[in-house]
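S.K.: One structure, as structure tokens, below. Some questions next.
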Amino acid sequence: MKRRLTFVFTLAAVTVTGILLFQLYWVYNSYRTERRNFDDKIANALQTSIDTYALHASVLPMTLKENDPYLSVMQSYDEDSAKVGRGRGGKGDSGSRPDTGRRIWRNVLIKPLQVGPDNLNNVRGMIARLSMQAFNKPIQLEVLDTIFRNELKKNQIDLAFRLVMKNGQAVPEAVFPGKQRYLFRQTVVPALVSVLLVLLSVGSLLYMGYIIRRLVRLDGTKNDFINNIAHELRTPIAILKSTHEALYTFKGDADPEKLRRYLEINSGVLSRLDTNVDRLLETMNYEQGNPKSKLETVDLNGLIENLISRLDPDRQIGIRFESGLVPFEVVTDSYIIETVLSNLIDNALKYSNDKPKILVRIDMNGEGWQMKVRDEGQGIASEHLPFIFDKFYRVPAGNLHEVKGYGIGLSYVKQLVTTLGGRISVKSAPDKGTEFTIQFPHHG
């Protein structure tokens, strides 16, 4: 089982790590994509702004303003005079004289180059920029700033900037001081969604691990309960079988004293079985949400003293009672208080040493009244304290079964305390004893 759990938790840890790394990569990649898109938008907006500025600052050829725009392209080429002469006169031309020297003729050919509508704006911008460079016209940054700002608004970018002209550059450069903050704002929502998904994934896996551990612990508790109840039932069954066999085999009815003793033994065994069954049934009844309490004015000092007298009539066990106020009357359920206190004292006796020392103390405080039960017994390790109020849970003792019980006592106590609106807590350490503190509210 442990090896399988280790494998499951290792797989879960690897899954969580993989999800986290993927989400981090996704967030980083989203930021890079947003930054690249921002830079592309800025570059395009600046180029468009420069083209617009150049178009307004330059005079374009009339051919680019017509309905059928075109550019005039000049093509020049050289031609040999000798070849021209032969071509013109040819051999046997009576009116020609042979050339005594060779000349190179330069011919110029002008052709129209049609400009399509898709490229018209680009061609106009290019011609305008070339014209500005040819005539060394400087760019007025104030004018370009207004044009560029309008272009940014078209791209839904509302961000402060400044245009700077660096040495050796023919066109200005846009600088955005708040670029990083802008990119962060653009990517913060996907990042938050990613973080939320990571937290949900991690939380789900952790909760799954918690449930698995709880199920494993409940399975162990179930097995312990089966073992405990088997031990608890085996003893009374063995006693009843022995007494029954003695009465049946050895004619115990002929000896009135022996008959009475055996019947008393059987009566005590059956009474304890009946009490344990009632506790199990009451535990289930309280757990199903059917609590019953009968509130009345109770002399708490007298109630506790009477209970201790019944549990320790000869004052040999070592139960001491202290009261912060005398007399001390509260509105509560006397049966529940007796049941809670008797269970805690019984639990202290089970886990005490040869000479038990148990202290019961009650006090008033601002929240109501408080009852403490402290012993100097074996104590409980800290890792078991969160579970001692769970139903059927018992502190592991290996294969030993020295302390009798079904593991329902403290669970039953907590249910009874909750019925009266109280709360119970515990402090304990191995070999230093245990202290239960129960806080009850005022009942008017």
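The values are calculated or read from the model by the stated rules, or taken from the named source; none is laboratory data. Computed from a predicted structure; not experimentally measured.
S.K.: Mind listing whichever residues of segment 148-181 are among the small types (Gly, Ala, Ser) and modelled with pLDDT of 85 or more?
M.R.: At the first step, the residues of segment 148-181 found to be among the small types (Gly, Ala, Ser) are 160, 168, 170, 174, 178.
Across segment 148-181, the qualifying residues are ALA160, ALA174, GLY178.
S.K.: Anything in segment 303-357 that is farther than 21 Å from ARG394 by Cα, in a helix (DSSP H, G or I), under 50 Å from the mean Cα position of the chain (by Cα) and of a type in the set (Gly, Ala, Ser)? List them, or say none.
M.R.: Correct list: SER334 only.
S.K.: Something else now. Which condition number in (1) over 30 Å from LYS153 (Cα atoms); (2) at pLDDT 85 or above is the one that ASP40 fails?
M.R.: (1)
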